[in-house]
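Q: Before I ask anything, let me first share the structure, which is written out below as structure tokens.
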Amino acid sequence: FSCEWAAAHFRFRPPRSDLAYALEAGKGGTRAILVAVQAHIITYLLFTRETECTHLERLCRVGRWEQGQALAAALAETLWAAGGGSRAIVCLITTPVTVMSHGGYRANSFTERIRLFEFSEKAAAQGFISDHLNCFKGEGSHGVILFLYSLLFSRTLKR
């Protein structure tokens with residue numbers, strides 16, 4: 001992955017601002033993934049979340065906690081759809097390990113550290129993602145790459 005991909009993570013606009021519902025998207029390859037997740041975030045904020053606000057007011061002045069809940073719901077919904085509505089795989093990074101390169105494989109110190117968590121219920125996947133949001137939102141977390149791996153494993157390589 002390029003430096004741009006390695007640095008990419010899910011980052012919202014400032015909470016309680018007029019664009020608090022929006023993810024910040026840089027230039028390049030990660031933008032397509034961010035836009036797809038953004039669509040699910042808006043759907044969650046407009047139609048799923050319980051609130052007294054009108055539809056358009058639901059998008060304005062979203063707080064930090066609501067941003068996190070919207071992101072967790074959007075990621076879980078997307079992974080659940082990729083898993084055919086029956087499963088979701090969430091990939092997280094573990095502590096560094098030492099792997100010797102051999103054959104045609106060259107260790108990159110990222111792929112070797114990925115750990116898979118499988119869920120057979122969407123709500124469980126969403127709760128897990130919510131509990132580990134910093135793995136997707138944190139600076140230097142490789143959050144977009146982790147989500148891409150999660151999508152691939154949820155979809156399965158056979159499909």
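Read-outs: derived from the displayed coordinates by stated rules, not from any lab. Nothing here was measured: the structure is a model prediction, and the numbers come from that model. Backbone-built Cβ (ideal geometry, glycine too); neighbour counts: all protein chains shown.
Q: Provide the net charge surrounding LYS137, with neighbours chosen by a C-beta distance below 15 Å and charges set as Lys +1, Arg +1, Asp -1, Glu -1. Walk me through the numbers on the way to the answer.
A: Working: positive: ARG11, ARG13, ARG64; negative: GLU24, GLU66, ASP131, GLU139.
With Lys, Arg at +1 and Asp, Glu at -1, the net is -1.
Q: Would you mind ranking TRP5, TRP80, TRP65 by Cβ crowding within 10 Å, fewest neighbours first? Don't skip to the answer; put the middle values down first.
A: Numbers: TRP5 15, TRP80 20, TRP65 9.
By the 10 Å Cβ count, ascending, the order reads TRP65, TRP5, TRP80.
Q: In percent, what relative contact order does segment 3-155 have, based on Cα pairs under 8 Å that are 6 or more apart in sequence?
A: Values: 239 pairs, mean separation 46.5, N = 153.
Reported relative contact order: 30 percent.
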